[in-house]
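Accompanying notes for the structure given below.
The values are calculated or read from the model by the stated rules, or taken from the named source; none is laboratory data. Computed from a prediction, not measured in an experiment: that's the story for all the values here. So basically every Cβ, Gly included, is an ideal-geometry build from the backbone, and we count neighbours across all protein chains shown. With ligands, DNA and RNA removed, areas are computed over all heavy atoms of the protein, side chains included. Shrake-Rupley method; radii C 1.70, N 1.55, O 1.52, S 1.80 Å.
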Protein chains: 2
Amino acid sequence: MAPFAHHVFVCGNRREEGHPRGSCDPTGAEALHKAFKQTLADRGLNRRIRANRSGCLDQCEHGPTVVVYPDAVWYGGVTLGDVAEIVDSHLAGGVPVARLRLADECVNAAACPHKPRPAATA
Amino acid sequence: MAPFAHHVFVCGNRREEGHPRGSCDPTGAEALHKAFKQTLADRGLNRRIRANRSGCLDQCEHGPTVVVYPDAVWYGGVTLGDVAEIVDSHLAGGVPVARLRLADECVNAAACPHKPRPAATA
């Protein structure tokens, strides 16, 4: 049996404000990572499922980005309000959260319908 | 096809000098992570294989620690001199480097033959 049933990497990359590629963690507070850790602990799942902060996952246009291994399921646009659903449906229940999944053709792609990220309107 | 053939996470955790659990990156220079990135780029493999810095992987007694997904292969005690072998044998060639692998019973274990880490001799 693999040491972790799931290993969740939460992008903690932070760029300067206004950078065209954006930031997965604009304040550097690691709130999303902490929410995964806390939710896993609350459910008693933190021995078999680990949430890790990671450096830039390089899918910035889809951020905040989270990847779950060994499943290789990528999520984009993840908010604090999505964490419980990812934990309960996917990590505990085995059913990835379809509405948050990034399409394979959007991950590690030179171009996709979301890349480059649209310019923010003032 | 998954977006990355392999996704390598290199622990970049840094603790204060003398901490009993040690540090995977005692100087914070990210030298090991950078070596993976450079070696992958040198081999032309960096589009399909990504090396990421990660936060603490919590296998500190075996550090510096590296985990390769989706394979879920864990390496411990990785030095700069090991990077080319991991890239060429495992990531390019599909054959993990046996001498550096952590046993499943050592990863995410409350206790193992290496935990706690032996005290450093002065």
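Are any residues in the stretch B:12-43 open to solvent by 50 Å² or more (accessible area, probe 1.4 Å), within 14 Å of another protein chain (Cβ to nearest Cβ) and either under 24 Å from A:Phe4 (Cα atoms) or not in a loop (DSSP other than H, G, I, E, B) (or both), and if so, which ones?
B:Arg14, B:Lys34, B:Lys37 - these are the residues of the stretch B:12-43 that are open to solvent by 50 Å² or more (accessible area, probe 1.4 Å), within 14 Å of another protein chain (Cβ to nearest Cβ) and either under 24 Å from A:Phe4 (Cα atoms) or not in a loop (DSSP other than H, G, I, E, B) (or both).
For the stretch A:85-92, indicate whether the set of residues that are in contact with an Asp or Glu (Cβ under 7 Å, 6 or more places away or on another chain) and among the charged types (D, E, K, R) is non-empty.
Checked against the condition, which is being in contact with an Asp or Glu (Cβ under 7 Å, 6 or more places away or on another chain) and among the charged types (D, E, K, R), the stretch A:85-92 yields no hits at all.
So which residues in the stretch A:78-122 are closer than 21 Å to A:Gly18 by Cα and modelled with pLDDT of 95 or more?
Within the stretch A:78-122, A:Val78, A:Thr79 meet the criteria.
Which condition does B:Cys60 not pass, out of (1) more than 14 Å from chain A (Cβ to nearest Cβ); (2) touching a Lys or Arg at 6+ places or on another chain (Cβ under 6 Å), if it passes all the others?
(1)
What's the total number of residues in the stretch B:3-47 that are under 21 Å from A:Asn13 (Cβ atoms) and in contact (Cβ under 8 Å) with a residue 24 or more places away in the chain? It would help to see each step written out before you state the result.
Restricting attention to the stretch B:3-47, the residues satisfying the condition of being under 21 Å from A:Asn13 (Cβ atoms) are B:3-4, B:6-14, B:24-25, B:28-38, B:40-41, B:46-47.
Then keep just the ones that are in contact (Cβ under 8 Å) with a residue 24 or more places away in the chain; that gives B:4, B:6-13, B:24-25, B:31-32, B:35-36, B:40.
Adding up the residues that qualify gives 16.
Being over 17 Å from B:Val68 (Cα atoms) and among the hydrophobic types (A, V, I, L, M, F, W, C) is the filter here; which residues of the stretch B:3-40 pass it?
Result: B:Ala29, B:Ala31.
Which condition number in (1) under 20 Å from B:Tyr69 (Cα atoms); (2) in contact with a Ser or Thr (Cβ under 7 Å, 6 or more places away or on another chain); (3) not hydroxyl-bearing (Ser, Thr, Tyr) is the one that A:Val97 fails?
(1)
Among the residues of the stretch B:63-90, which ones are within 12 Å of chain A (Cβ to nearest Cβ) and among the charged types (D, E, K, R)?
Matches in the stretch B:63-90: B:Asp71 only.
Quick grid of which residues meet (1) within 24 Å of B:Pro116 (Cα to Cα); (2) touching a strand residue (DSSP E or B) at 6+ places or on another chain (Cβ under 8 Å):
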{"residue": "B:Leu40", "(1), (2)": "no, yes"}
{"residue": "B:Ala51", "(1), (2)": "no, yes"}
{"residue": "B:Ser54", "(1), (2)": "yes, yes"}
{"residue": "B:Thr79", "(1), (2)": "yes, no"}
{"residue": "B:Val83", "(1), (2)": "no, no"}
